[in-house]
Amino acid sequence: RFNFPTDVAIDTANNVYVADSQNHTIRKISAAGVVTTMAGLAGTNGQADGTGSAARFWVPSGVAVEPSGANVYVTDRTNHTIRRITAAGVVTTFAGKARSNGQRDGFGEQASFYYPYDIVMGPTGDMYVADSYDHSIRKVTPDGRVTTIAGDGTASDDDGSRDGTGAAARFSFPSGVAVAGNGDVWVVDTSNQTIRKITPAGVVTTIAGRVDTTGINDGAATAARFRYPHAIAVTPNGNVVIADTENHTIRYLDVAALQVTTFAGHPAVYGFVDAQGSAARFFFPTDVAFDSAGNLYVTDNHAIRKVTPAGVVTTFAGNASVSGAVDGVGAGARFRYPSGVAVGPGDVVYVADTDNHTIRKITPDGTVTTLAGLAGQAEQTNGTGSAARFDSPFGLTVDDRGNVYVADTYNHAIRMVEPTGVVTSFAGLGRGYPGSKDAVGTSATFRYPSGIAIDGARNLYVADWGNDIIRKITPSGVVTTFAGTFYAGGSNDGIGTDARFSEPRDVAVTAAGVVYVADTANHTIRRISPSGQVTTVAGRAGSAGNVDGLGAAARFHLPTGIAVSSTGRVAVVDTLNHNVRVGDAAPPQILSLTLSVPAIDPGESAVLHWWTADGTTVSIDNGIGTVEATGTRVVRPTQTTRYTLTVTGPGGTVTKSIELLVVKSGPRKRSVRH
């Protein structure tokens, strides 16, 4: 079994090496097909050098091997390092410093990377790395010297796809790299939707695809279209094969003829179609929110879509196919990959316009304005309106006073925007200081917080994506870890820090404080009771799919957004399935016995027993009035012969009789169990 294997490499003896990403391990498959774990411990992430299962990785993504198989090199993505594994399984950190991101050239740990995604070994033994969040291509020599051969670490809206030489070139989240026999380096420039080439002299040119334009077109290279391609390889004859990930196809580039064809696979059913139910189409939706009437608002590419309770989908604001940063009405407005949406008082919609680094506001008539931040300017600055700065905000929520709380993801902070546009830092030390420290206000630290929700008591809950935990922030700014353990991904249910999550992306909370989590990399929906009990309520960890059903029978594929309505309906943005799923919480569980007893004499005691699911509300009707209770309670009834147990939970209310134990008081004691 594997869990999201992301890359393979092969040595001259036909052994295959696998980056088993979500298992945080490196696996080896012999030429005879025998699979062994070469290094790391399945399901346990971290950063530790050592031998075999004593070593730790954190989402390893790319793997390269020396032809002899003597050494394997791994891009340890979330640790921001390059690791080396000997044939005996001894793991050392070869380049970069764990948990220290950046773009710095140098030897060994003097160098730094920022989510390195892919690695390939060239014919001379030099390795090339797609340093994704540094938007650059790095070179690592056999002795550990790291240099940047193309890109300068930035990818602005204006020049994030520029051809040029060395640092003058620009990339946008490159994720795949390959080397041809003549020394040309081929790059999958994922967010630019293009295939780029770097000559040995460092000259970068765009060979196939068109910047910021997605599609599935075959044809002349620059007329071809891709949809977030992620991997690339060079054939022995010098042609290029591309994993066109979100088209679900394998594409082939004839380098001499400059022609792109689809080699295998068929694109999935998605797009931007307004219609009802299954006739509608989405394209990688990311977040969802309910308004007071039960309408859903969905962030979908460059647009905000609206779904009525009857399932009718319309485009509420923006144009899904055209990006920009324009205020306006409805389709006249422009967004750039918004990731978060929330609905505030008066059904005003607020949007985290992620790639514009702004917070937008949409009134019920579709008028879009920019509440805070300045498009194209990524920084962390408090101020009013356009004087404030954010860096790739992913999520937001609104309180009953109209204050907007923002998960300012790349600033590692929680910001607050008042209705007047005044922006302040509410929690988190902020830019340049990722961490997992519980503290008060800006003394606390977060690591890529991405989702945020507020309960009826104005407590905030945060999906602290980079830490694999859920945080809680009181109205006074006290930050605590509500569930999960930082740097310890997994899928365990349990109470508080005994539970485990894997890259949770979003949270939603009921007025009663029940929290729902889109546990993205586990492909599951989790539930946290007010007491901190974590349970998996839908999907199965490590099992991606697109299946409707109850509980563990359902399947999701990287769910990234979640919302809960006032009536308990839960909506999930199932991103890689290009759909929005809606369901009702299962009814609460009651196990009890039917009660039928004779009249109870005064002075006799009735002991009531019941068993319900955690997080429900329980009441007991003794025929005289309602008594709130939980667990086991002793009461003194009069002439009552029947007790009724009513349990109310997220899925509704159920009623059953309960077991009653009658104990006779006085010298003639008797016990009757019904």
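The values are calculated or read from the model by the stated rules, or taken from the named source; none is laboratory data. These figures come from a predicted structure and were not determined experimentally. Counting neighbours? That spans all protein chains shown, and the Cβs are built from the backbone with ideal geometry, glycine included. The accessibility values were calculated without ligands, DNA or RNA, using every heavy atom of the protein model including side chains. Shrake-Rupley method; radii C 1.70, N 1.55, O 1.52, S 1.80 Å.
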Over region 266-279, the set of residues touching a strand residue (DSSP E or B) at 6+ places or on another chain (Cβ under 8 Å) and either open to solvent by 70 Å² or more (accessible area, probe 1.4 Å) or among the charged types (D, E, K, R) (or both) is H266, V269, F272, D274, Q276
Going through region 524-570 one residue at a time, which ones are under 16 Å from the mean Cα position of the chain (by Cα), at positive phi and open to solvent by 30 Å² or more (accessible area, probe 1.4 Å)? G542, L558
Condition first: open to solvent by 20 Å² or more (accessible area, probe 1.4 Å) and over 25 Å from the mean Cα position of the chain (by Cα). Now tell me which residues in region 126-151 satisfy that. D126, Y128, K139, T141, P142, D143, R145, T147, T148, I149
Go through region 483-501 and report how many residues are closer than 24 Å to G430 by Cα, surrounded by fewer than 23 Cβ atoms within 10 Å (Cβ to Cβ) and in contact with a helix residue (DSSP H, G or I) (Cβ under 8 Å, 6 or more places away or on another chain). 3
Just wondering, is there one or more residues in region 511-523 that are open to solvent by 30 Å² or more (accessible area, probe 1.4 Å), in a strand (DSSP E or B) and at pLDDT 90 or above? no
Name the single residue that is farthest from L374 (Cα to Cα) among those in region 332-342 being of a type outside the set (S, T, N, Q) and crowded, with 21+ Cβ neighbours inside 10 Å. A342
What about D244, is it open to solvent by less than 50 Å² (accessible area, probe 1.4 Å) and touching a Phe, Trp or Tyr at 6+ places or on another chain (Cβ under 7 Å)? yes
Cross-chain or 6+ apart pairs with Cβ under 8 Å, region 322-342 first and under 22 Å from S191 (Cβ atoms), then part of a strand (DSSP E or B) and aromatic (F, W, Y): V341/Y297; V341/Y350
Give the residues of region 425-461 that are under 17 Å from F390 (Cβ atoms), open to solvent by 60 Å² or more (accessible area, probe 1.4 Å) and touching a Ser or Thr at 6+ places or on another chain (Cβ under 8 Å), sorted by residue number. L429, Y433, T442
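Of all residues in region 382-403, which are polar (S, T, N, Q), open to solvent by 20 Å² or more (accessible area, probe 1.4 Å) and either without any contact (Cβ under 8 Å) to a residue 12 or more places away in the chain or closer than 17 Å to G346 by Cα (or both)?
Selection gives N403 alone.
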Collect the residues in region 404-424 that are open to solvent by 40 Å² or more (accessible area, probe 1.4 Å) and over 24 Å from A563 (Cα atoms), keeping them in residue-number order. T420, V422, T424
Say whether the condition of being over 18 Å from D134 (Cα atoms) and either of a type in the set (S, T, N, Q) or out of contact with any strand residue (DSSP E or B) (no Cβ under 8 Å at 6 or more places or on another chain) (or both) is met by at least one residue in region 154-166. no
Please tell me if F263 is open to solvent by less than 20 Å² (accessible area, probe 1.4 Å), more than 17 Å from T194 (Cβ to Cβ) and among the hydrophobic types (A, V, I, L, M, F, W, C). no
Are any of the residues in region 283-294 free of Cβ contacts under 8 Å to residues at least 40 places away in the same chain and either over 21 Å from the mean Cα position of the chain (by Cα) or open to solvent by 40 Å² or more (accessible area, probe 1.4 Å) (or both)? no
Just one of the numbered conditions (1) assigned to a strand (DSSP E or B); (2) on the phi < 0 side of the Ramachandran plot is not true of G318; which one? (2)
Among (1) at pLDDT below 95; (2) within 16 Å of D131 (Cβ to Cβ), the one test that T81 misses: (1)
Do any strands (runs of 3 or more DSSP E) entirely within region 1-90 hold 1 or more residues that are surrounded by fewer than 16 Cβ atoms within 10 Å (Cβ to Cβ), and if so, which? 5-10, 35-39, 81-86
If a residue has to be open to solvent by less than 20 Å² (accessible area, probe 1.4 Å), part of a strand (DSSP E or B) and modelled with pLDDT of 80 or more to count, how many in region 571-601 make the cut? 4
What number goes with the only condition from (1) open to solvent by 30 Å² or more (accessible area, probe 1.4 Å); (2) more than 31 Å from the chain's Cα centre (by Cα) that G202 does not pass? (1)
From the residues in region 295-314 that are over 22 Å from V398 (Cα atoms) and among the β-branched types (V, I, T), which one is surrounded by the most Cβ atoms within 10 Å (Cβ to Cβ)? V313
